[in-house]
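The values are calculated or read from the model by the stated rules, or taken from the named source; none is laboratory data. What you are looking at is a predicted structure, and each value in this text was computed from that prediction instead of being measured. Every residue, glycine among them, receives a Cβ derived from its backbone with ideal geometry; neighbour counts consider all protein chains shown.
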Amino acid sequence: MKKLMIMCGSGVATSTVVMGKVKQWLADEGLESQVKLYQSKVAEEVNHIDDYDIVVSTTLVPDNIKDKVINGVPLLTGMGSDQVFEEIKKEIEA
Amino acid sequence: MIKMLIDEKFFSKKVLLFNKDLCNRNQVFAVISAELEKKGVVKKTFREAIEKREKNYPTGLALTSGIGVAIPHTDPEYINENQIGFMSLEKPVEFRQMGSDTEVVPVRLVFVLCLKEAHKQLDMLQNLMELFGKKEVINAFISCNNENDFIKIINGK
């Protein structure tokens with residue numbers, strides 16, 4: 001089971017929207033049983049980012065963890081969300 | 001059209017400011033924070049908190065329609081009640097793009113999300129994002145100049 005962290009600045013607003021979109025997508029793809037979802041704020045997660053297999057963020061993250069983080073902003077606006085889901089899928093299957 | 005896009009209760013305090021002529025982000029925050037505070041939606045500490053929050057975690061979104069919106073928000077501790085403050089801008093004001101430290105977005109519409117427990121507001125937040133994807137709705141927000149018309153837009157009329 002992969003651990004997927006969804007985070008934003010406050011851990012309540014935009015990450016909630018992204019969480020809803022990801023949940024729906026996982027259901028549509030039949031991947032629900034393969035992923036456990038977490039939600040939090042960036043500040044609380046920067047130091048244990050390695051606890052998760054996949055990290056999606058709607059806010060900027062520090063440079064040292066940048067490589068690990070998928071930009072989730074397209075999931076908010078819907079512009080380019082397919083690419084984001086593609087990236088997440090790749091990580092789930094990795 | 002879909003009915004009840006956003007529950008009217010989020011705008012019950014009528015913090016709706018139309019076609020404001022402002023020069024920068026901090027003026028936007030000053031004007032709307034004062035209005036939110038006057039109506040009892042937020043605490044005195046809100047303005048400082050939202051400015052700081054926006055600086056660290058920008059909320060500008062460039063939409064397909066070419067128009068920028070911003071959804072500033074901060075932690076629940078500064079909020080008295082669930083509400084959304086709205087401001088449209090006569091000329092665009094620069095906000096930084098969400099998730100970026102370099103890109104800027106010229107913003108015409110500002111929705112200040114004052115939420116006490118956002119995880120319970122998923123439908124509202126999702127509907128709001130959905131609205132942002134509709135060019136005709138965005139244009140309606142931009143040309144709207146009174147409370148009645150505004151409420152009609154969020155009701156999908």
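Okay, here's what the table says:
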read-out: Those helices (runs of 4 or more DSSP H) lying entirely in the stretch A:1-78 with at least 1 residues of a type in the set (Ser, Thr, Tyr) and out of contact with any His (no Cβ under 6 Å at 6 or more places or on another chain); value: A:14-29, A:73-77
read-out: Matching option when the condition is farther than 24 Å from residue B:126 by Cβ and acidic (Asp, Glu), among A:63, A:28, A:82; value: A:63
read-out: Residue selected from the stretch A:68-77 under the condition at the interface with another protein chain (Cβ under 10 Å from one of its Cβ atoms) and either hydrophobic (A, V, I, L, M, F, W, C) or more than 14 Å from residue A:8 (Cα to Cα) (or both), by the criterion nearest to the chain's Cα centre (by Cα); value: A:69
read-out: Tally, over the stretch B:39-84, of residues that are assigned to a strand (DSSP E or B) and within 17 Å of residue A:14 (Cβ to Cβ); value: 9
read-out: Residue that is free of Cβ contacts under 8 Å to residues at least 24 places away in the same chain and either of a type in the set (Phe, Trp, Tyr) or within 12 Å of chain B (Cβ to nearest Cβ) (or both), where the choices are A:11, A:80; value: A:80
read-out: Sole residue being assigned to a helix (DSSP H, G or I), farther than 28 Å from residue B:65 by Cα, among the aliphatic types (A, V, I, L, M) and away from chain B (no Cβ under 12 Å), chosen from A:88, A:92; value: A:92
read-out: Set B:44, B:55, B:13: member being of a type outside the set (Asp, Glu) and in contact (Cβ under 8 Å) with a residue 12 or more places away in the chain; value: B:13
read-out: Residues within the stretch B:73-113 that are surrounded by 23 or more Cβ atoms within 10 Å (Cβ to Cβ) and either modelled with pLDDT under 95 or within 10 Å of chain A (Cβ to nearest Cβ) (or both), tallied; value: 5
read-out: Condition broken by residue B:92, with the remaining ones in (1) in contact (Cβ under 8 Å) with a residue 40 or more places away in the chain; (2) assigned to a strand (DSSP E or B); (3) of a type outside the set (A, V, I, L, M, F, W, C) satisfied; value: (1)
read-out: Residues being more than 9 Å from chain A (Cβ to nearest Cβ), within 26 Å of residue A:81 (Cβ to Cβ) and crowded, with 22+ Cβ neighbours inside 10 Å - total across the stretch B:39-68; value: 3
read-out: Residue match in the stretch B:38-57 (condition: modelled with pLDDT of 95 or more, of a type in the set (A, V, I, L, M, F, W, C) and under 25 Å from residue A:61 (Cβ atoms)); value: yes
read-out: Residues located in the stretch B:8-38, provided they are surrounded by fewer than 18 Cβ atoms within 10 Å (Cβ to Cβ) and assigned to a loop (DSSP other than H, G, I, E, B); value: B:12, B:14, B:21, B:23, B:24
read-out: Selection count where residues are within 14 Å of another protein chain (Cβ to nearest Cβ) and either crowded, with 18+ Cβ neighbours inside 10 Å or β-branched (Val, Ile, Thr) (or both), scope the stretch A:42-67; value: 11
